[in-house]
Amino acid sequence: MIPDFKQTVPVDQIGVDERVARFRTRSIKKESKLFALKLALQMVDLTTLEGMDSPGKVRQLCYKALYPHGTDPDIPRVAAICVYPNRVRLAAEILKGSGIHVASVATSFPSGMGTLESRIEEVKYAVDEGADEIDMVISRWAFLKGEYGFVFDEIAAIKEACGPAHLKVILETGELETYENIRKASDIAIYAGADFIKTSTGKISPAATMPVTLVMLYAIRDYFLKTGTRIGMKPAGGIRDSKTALHYLVMVKETLGADWLNPDLFRFGASSLANDLLMQILKQKTGHYQSPDYFSIG
Amino acid sequence: MSEKEITTRQNLHFDELWAYDPAPESPDYVKIEEKYDLFIDGRFQEPESGRYLRTVNPSNETVLAQVAEAGKKDVDKAVTAARKAYDGAWSKMAAKERGKYLFRIARLLQERAREFAIIESMDCGKPIRESRDIDIPQVIAHFFYHAGWADKLEYAFPGYRPRPLGVAGQIIPWNFPLLMAAWKIAPALAAGNTVVIKPAETTPLTALKLAELIRDAGLPPGVVNIVTGAGQTGIEIVNHPGIDKLAFTGSTEVGKLIQKAVAGTDKKYTLELGGKAANIVFDDAPVEQAVEGIVNGIFFNQGHVCCAGSRLLVQEGVADELVYKLKMRMESLIVGDPLDKNTDIGAINSKDQLDRILGFLAEGVEGDQKIYQSKCDLPEKGYWCRPTLVENVSQSHRIVQEEVFGPVLSIQTFRTPAEAVTLANNSPYGLSGGVWTDKGSKIFKIGKGIRAGVIWANTFNKFDPTSPFGGYKESGIGREGGIHGLLPYLELSQ
Amino acid sequence: MSNRVNVLKTCKLYIGGKFSRSESEHYFQVLDKKQKPLANLCRASRKDLRNAIQAARKAQADWAGRTAYNRGQILYRMAEMLEGRRDQFITELERAAVSRRNAENEVDLAIDRLVHYAGWTDKYPALFSSVNPVASAHFNFSIPEPTGVVGVIAPDNGALIGLVSLIAPVIAGGNTCVVISSEKHGSIACTLAEIIHSSDVPGGVVNMLTGFRADLVPHLSAHMDVNAVLSAADDTDQKKIIQENAHLNVKRVHFYDGTDWLKEQSQSPYYIMDFQEIKTTWHPVGT
């Protein structure tokens, strides 16, 4: 049953912030750290979303995805690369058979201010080009205006347009501001058919934060407890260092449990995070602190 | 969520795939002497009693140190030293200079914060996360806060001249050993009194470390005297005719004995005693944060908290969902080595206390109460209790009436706001209470209705030196902290 | 005219807004300052005391729930009523205890004292409340609330002014009380009860007992539904009993013996605060 989105699920901001502060006090050491660093690397959606994304840049990113750190077989690959629709074909060709997903930001990213027709068209184009994951943006203007049905219907329509591709719904939490809005937008996205909910485009500050992600995890949990269906989570933007990534994993583990600790249900949308994870993995393995000079950029 | 959804829902798995490795704070860094004497008149002195007690690490049952047991003569020496210091240097000192000593103590504590946190966790059993992030920072904040009052007391009492009382005798409990010492010493000194303080028998070490620090701070001898010991030492302080003011934090039982003992004397006193706080959750509450508040309310410091939210009152419509989520949350609580940075719940402070807690639970098992404990592993040695819920209880059960002082939460449901307030107040205690609702006007109504000194609305177990703390009814007399905590250490004249 | 026989007043206990004789039907005689019989007063029993405490408890929540403005008006009404019967009190005081001049002074002062506390009801909470700047994202404030039911033991000095000086701050602060009047000056207490009765003070807010302190103080101080005891009686033994019994339910105890109630300074908001509890409330600040 679809909830009445006019009803607000109460969320106490300070309580959420305090819970997050507790996650941050978890101290991850030794084997558990190495495990988590590798896990985090497997969850990365290696991303480039710039107007200057030439084929060359995208090619470079794809190779980074395939060979994160030379040919070390102990280093896992990232989950996906994430590009604009017009670079999907190239990425799909390079990554074919690798198991690395190709995600694309369709639907008039990042503003979402296109017509529904044009946004659907863009989704279909990206899927046809080879994307198996679509990262859409919601119409924040409509959400903030209280037109929840409009937002819901749009997501549902785009989900339909995705066909076999997985749909990640970007809420752009930095524009929604309150945790109660974020909870509500999460619920709308989930009930409208999202496979993943995602915090941010990366173009608006603040992007992903732990408290915002926690609110979204609670929405995912409540949906699971009601329906038994698992929705994925993708914080995106602003996650640059391993320590933060590990705290996110702690949060996922203690909120949703082990079932969500895999790339099918949790992703990091990030670009520089991958290399920091690699540096930390190497530090754990060698015992030496690392230098960026020894890690290729994507 | 409906009852049907709850019964059909699938489980989440918190204990699989990824466990945290131990992350212990190393105790090598701290120095604990084999033997501690009494801190009287600015130096450590062997007890006239000749007796020493052992203090034990409750997480592994090893002896940490021998600690002197002050007898009647020792207490007398301490009171005499305190009197001499009061009549001498301390009362003649300008108030702002007095304040600077307190600032200095605060700064020295900041410098040695981690050392104090480690010792606190070893002696007391509380997790290092709490001693490091809550206890010691609060200790420091208390000294800073009261340092500033020293030369501003007349602003707190316009039209009156505040004067110190003299020698304060102070007796503190084992649940927040150094924090309670700070709650007692800081306002007493800021107001111009001198102090004879007795830490709890099972947790004397941080107070003795504080004695070292006070000595290093150059405080005039006798201004703070720290006499360790057990109950009898406390009695000697209470009955000593040279004490002008008593400040006690501990059980209601002992508080009553103190109140009786001072009958017929002019001793002023403040008492911070037990509690049995109701934590009331309405059906419009932010559920996830309420769960956190409940966890923080009862499992903070192993439930060894006088203001613990030990009675959960939950509105019937939301009870199933809330209790389900609470149980889920409890699965991620880690019980174990207090020095491990990931430990959420440390060791029960003593064997006696553990026996007392287990006694309540045994009684519950014999009755028709439903006892639920999280499934976490416990260490082999030491005193431990899993986080525990007791369901199927009513107001007449002992576990609802009496203070357990452990990680044990009783759960009752209610139907209307009026019923919730009635249940909350149906207790001889009145220390604290919790209210969880999204509706502002309801917070004020319920908060006013609860007869207790501290109301946490949409939060729980928060403390701050600026915020007065203390109970109604049998939970005590007087306030500590804030502007209202000053008067108990002063007398006013026009 | 001169043949007319005076109608004498029967002095009764004042419990729960009603005047009643002692259930024990015991009485005692008080003398005037010339040692002539002044009146027969009810000697309140332990049961009368219990009834009075029950009445005080029953009235407490409503009285505390009144607005401060309303409580202030009612205290002011007491002053008005006392002013209206100023001459009667002067006459009674003069006969019972003091010179005419002193009686006049005492009554005037008692009226003014009621006015003083009437004005405090809506001010002391502001003076003794605080917003506490806690170091976290919380709004934190502390306010005074009444302690509850207060046992009041009147002094022997200041037959009227002593009584008024004790009762006024206690009820101004939203408490209800059970008063054990001075053994010497019970008749004044009886008359003051009439003032209270006619001043819109709800029944049970002030309960006035006459009798022997030795009969009543041990039970008052041991009663588990009394939250505090205030004694202005100069009696060392009874002070000790009060303090000892207070421990049974952690009563707040205040002794005001030795206070000269005729002094202007013997009034202050701190008398109100002696029977207030500070309640601190925390709430997160967020969106």
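The values are calculated or read from the model by the stated rules, or taken from the named source; none is laboratory data. From a predicted model like this one, the values you see are computed outputs, not experimental measurements. Cβ coordinates were reconstructed from backbone atoms using ideal geometry, including for glycine residues, and neighbour counts include every protein chain displayed.
Worth a mention:
- Of the strands (runs of 3 or more DSSP E) entirely within region B:385-494, those holding at least 2 residues that are within 23 Å of C:H138 (Cβ to Cβ) and not aromatic (F, W, Y) occupy B:432-436, B:454-457.
- Residues that are outside any strand (DSSP E or B), in contact with a Leu (Cβ under 7 Å, 6 or more places away or on another chain) and buried (at least 23 other Cβ atoms within 10 Å of the Cβ) were ranked within region C:224-246; the one that is farthest from the other protein chains (Cβ to nearest Cβ) is C:A232.
- Failed criterion for B:Q289 (all others in (1) within 14 Å of chain A (Cβ to nearest Cβ); (2) outside any loop (DSSP other than H, G, I, E, B); (3) out of contact with any Gly (no Cβ under 8 Å at 6 or more places or on another chain) hold): (3)
- For region B:292-308, taking the residues that are more than 14 Å from chain A (Cβ to nearest Cβ) and in contact with a helix residue (DSSP H, G or I) (Cβ under 7 Å, 6 or more places away or on another chain), the one that is surrounded by the most Cβ atoms within 10 Å (Cβ to Cβ) is identified as B:A308.
- Any hit, region B:278-286, residues being more than 10 Å from every other protein chain (Cβ to nearest Cβ) and either of a type in the set (G, A, S) or over 15 Å from B:N458 (Cβ atoms) (or both): yes
- Some residue of region B:424-445 being in contact with a Pro (Cβ under 9 Å, 6 or more places away or on another chain), of a type outside the set (D, E) and buried (at least 24 other Cβ atoms within 10 Å of the Cβ): yes
- Among the residues of region A:187-208, those that are over 12 Å from the mean Cα position of the chain (by Cα) and in contact (Cβ under 8 Å) with a residue 40 or more places away in the chain comprise A:D187, A:I188, A:A189, A:I190, A:Y191, A:A192, A:K203, A:I204.
- Some residue of region B:113-132 being outside any helix (DSSP H, G or I), in the same structural domain as B:P164 (by TED's automatic domain parsing) and within 17 Å of B:A217 (Cβ to Cβ): no
- Odd one out for B:Q170 among (1) surrounded by 18 or more Cβ atoms within 10 Å (Cβ to Cβ); (2) part of a helix (DSSP H, G or I): (2)
- Restricting region C:254-287 to residues that are of a type in the set (D, E, K, R) and facing another protein chain (nearest Cβ under 9 Å), the residue that is nearest to A:V9 (Cα to Cα): C:K279
- Filter pass, A:I281 being touching a residue at least 12 places away in the same chain (Cβ under 8 Å), more than 12 Å from chain B (Cβ to nearest Cβ) and within 19 Å of A:D135 (Cβ to Cβ): no
- Criterion (in contact with an Asp or Glu (Cβ under 9 Å, 6 or more places away or on another chain) and in contact (Cβ under 8 Å) with a residue 24 or more places away in the chain) met by exactly one of C:K12, C:K33: C:K33
- Residue ID - farthest from the chain's Cα centre (by Cα), chosen from residues in region C:23-40 that are of a type outside the set (S, T, Y) and assigned to a strand (DSSP E or B): C:P37
- For region A:211-242, a residue qualifies if it is more than 14 Å from chain B (Cβ to nearest Cβ) and touching a residue at least 60 places away in the same chain (Cβ under 8 Å), and the qualifying residues are A:G232, A:K234, A:A236, A:S242.
- Subset of region A:263-287 that is touching a helix residue (DSSP H, G or I) at 6+ places or on another chain (Cβ under 8 Å) and part of a loop (DSSP other than H, G, I, E, B) - its residue that is surrounded by the fewest Cβ atoms within 10 Å (Cβ to Cβ): A:L265
- Residue check for C:V98: surrounded by 16 or more Cβ atoms within 10 Å (Cβ to Cβ) and not in a helix (DSSP H, G or I): yes
- Which numbered condition C:L220 fails, given (1) among the hydrophobic types (A, V, I, L, M, F, W, C); (2) within 14 Å of chain B (Cβ to nearest Cβ); (3) in contact (Cβ under 8 Å) with a residue 24 or more places away in the chain: (2)
- Look at region B:337-358: where a residue is within 11 Å of chain A (Cβ to nearest Cβ) and a partner is assigned to a helix (DSSP H, G or I), sitting 6+ places away or on another chain with Cβ atoms under 8 Å, you get B:D340/B:I128; B:K341/B:I128; B:K341/B:R129; B:N342/B:R129; B:T343/B:I128; B:T343/B:R129; B:D344/B:R129; B:D344/B:F299.
- Filtering A:L39, A:L34 for residues that are part of a helix (DSSP H, G or I), over 19 Å from the mean Cα position of the chain (by Cα) and not charged (D, E, K, R) leaves a single hit, A:L34.
- Residue within region C:252-260 that is within 30 Å of B:I446 (Cβ to Cβ), out of contact with any Leu (no Cβ under 7 Å at 6 or more places or on another chain) and buried (at least 23 other Cβ atoms within 10 Å of the Cβ) present: no
- Residues of region A:24-69 classified as without any contact (Cβ under 8 Å) to a residue 12 or more places away in the chain, small (G, A, S) and either away from chain B (no Cβ under 14 Å) or in contact with a Cys (Cβ under 6 Å, 6 or more places away or on another chain) (or both), total: 3
- Where B:S49 falls short, out of the listed (1) assigned by TED's automatic domain parsing to the domain that holds B:G218; (2) at pLDDT below 95; (3) surrounded by fewer than 18 Cβ atoms within 10 Å (Cβ to Cβ): (3)
- Scanning region A:229-247 for residues that are under 12 Å from the mean Cα position of the chain (by Cα) and surrounded by fewer than 23 Cβ atoms within 10 Å (Cβ to Cβ) gives A:G232, A:G238.
- Any hit, region B:445-460, residues being without any contact (Cβ under 8 Å) to a residue 12 or more places away in the chain and either of a type in the set (K, R) or more than 8 Å from every other protein chain (Cβ to nearest Cβ) (or both): yes
- Count of region B:323-337 residues which are in contact with a helix residue (DSSP H, G or I) (Cβ under 6 Å, 6 or more places away or on another chain) and among the hydrophobic types (A, V, I, L, M, F, W, C): 1
- Check on B:G485, in contact (Cβ under 8 Å) with a residue 24 or more places away in the chain and within 9 Å of chain C (Cβ to nearest Cβ): no
- Scanning region A:177-205 for residues that are within 14 Å of chain C (Cβ to nearest Cβ) and touching a helix residue (DSSP H, G or I) at 6+ places or on another chain (Cβ under 7 Å), we see that the one that is farthest from A:F5 (Cα to Cα) is A:Y179.
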